[in-house]
1. Starting from the stretch 18-35, take each residue that is more than 14 Å from D82 (Cα to Cα) and outside any helix (DSSP H, G or I) and list its partners that are open to solvent by less than 80 Å² (accessible area, probe 1.4 Å) and at pLDDT below 85, counting only C-beta distances under 7 angstrom and pairs at least six apart or across chains.
2. List the residue pairs whose Cβ atoms are under 7 Å apart, where the first residue sits in the stretch 37-53 and is within 18 Å of N107 (Cα to Cα), the second is open to solvent by 30 Å² or more (accessible area, probe 1.4 Å) and assigned to a helix (DSSP H, G or I), and the two are 6 or more positions apart or on different chains.
3. For the subset of the stretch 110-126 comprising residues that are open to solvent by less than 30 Å² (accessible area, probe 1.4 Å) and not aromatic (F, W, Y), which member is modelled with the lowest pLDDT?
4. From Y40, Y28, Y80, Y88, grab the single residue that is modelled with pLDDT under 95 and either of a type outside the set (D, E, K, R) or open to solvent by 50 Å² or more (accessible area, probe 1.4 Å) (or both).
5. Which condition breaks for S58 when tested against (1) of a type outside the set (F, W, Y); (2) open to solvent by 70 Å² or more (accessible area, probe 1.4 Å); (3) at pLDDT 95 or above; (4) more than 18 Å from F183 (Cβ to Cβ)?
6. Quickly run through the stretch 132-170 and pick out the residues that are open to solvent by less than 70 Å² (accessible area, probe 1.4 Å), in a loop (DSSP other than H, G, I, E, B) and over 17 Å from T54 (Cβ atoms).
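The values are calculated or read from the model by the stated rules, or taken from the named source; none is laboratory data. This is a predicted model, so every value here is computed, not measured. No Cβ is skipped: glycine too gets one built from the backbone with ideal geometry, and neighbour counts run over all protein chains shown. Accessible surface is based on the protein model in full, side chains and every heavy atom, while ligands, DNA and RNA are left aside. Shrake-Rupley method; radii C 1.70, N 1.55, O 1.52, S 1.80 Å.
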Amino acid sequence: MKKITYIFLVFLCLKTYSQTPIISMTDYKNNNTNLVENSYLKDIDNKYGLVEGTWQWSNSNDSLILIFEKIEFVYDGFNYSDILIGKYKYIKNGVELINTLNNNINNSNFWLYTSTILYTSGYNNESDFEFVFYDKLKNKHCSILFELQNTDYLPNGQIYSNEAILEIWEEEKINSNNNSIGFTFPNEVTLIKQ
């Protein structure tokens, strides 16, 4: 009976694993690997680790704090992936305009918070990350380029930087009826990792 139970458990584990193939985000980006339904696009090489943590910009009475976190195994209706999110607090002229730092976001509620965070499920290259962002106060969709600056390599070969430029631009055609000028955040800032 123990042997039958053992065989059943091994079979069950293999069947479960075979239904969710794990694909490296790096391999997917470099080789254009086709995703199959229920595959898991995973940050195996820890590219998101470069950005994870707290980043800050300040200028007189204005400040922006971004906290980047990786959320693993987020389901989008077709497959699973690791998502890098950015929660933020923005203060202008000493007044807090928006603060999402206390949002408790995980893989089961991620889609409920997409209007209050920055998020990405990939990267352009080793030092550039492009985020989707909905500027809630201006009611417009934006793209954000987060570009690491003054990069250096650690002894293990991993790239490192404690400075980044954040640049925002409006996505065309999505908000063609929105006449709001500019964004809640400054269009371009230099952030320092804390």
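1. As it stands, the answer is T33/D27, since those pairs meet every condition given.
2. Listed pairs, sorted by first residue: N38/Q19; L41/Y28.
3. Ranking the candidates gives G122 first.
4. Working: Y40 fails: modelled with pLDDT under 95; Y80 fails: modelled with pLDDT under 95; Y88 fails: modelled with pLDDT under 95.
From the options Y40, Y28, Y80, Y88, the qualifying one is Y28.
5. It is condition (4) that S58 fails.
6. Those that are open to solvent by less than 70 Å² (accessible area, probe 1.4 Å), in a loop (DSSP other than H, G, I, E, B) and over 17 Å from T54 (Cβ atoms): K138, T151, G157, Q158.
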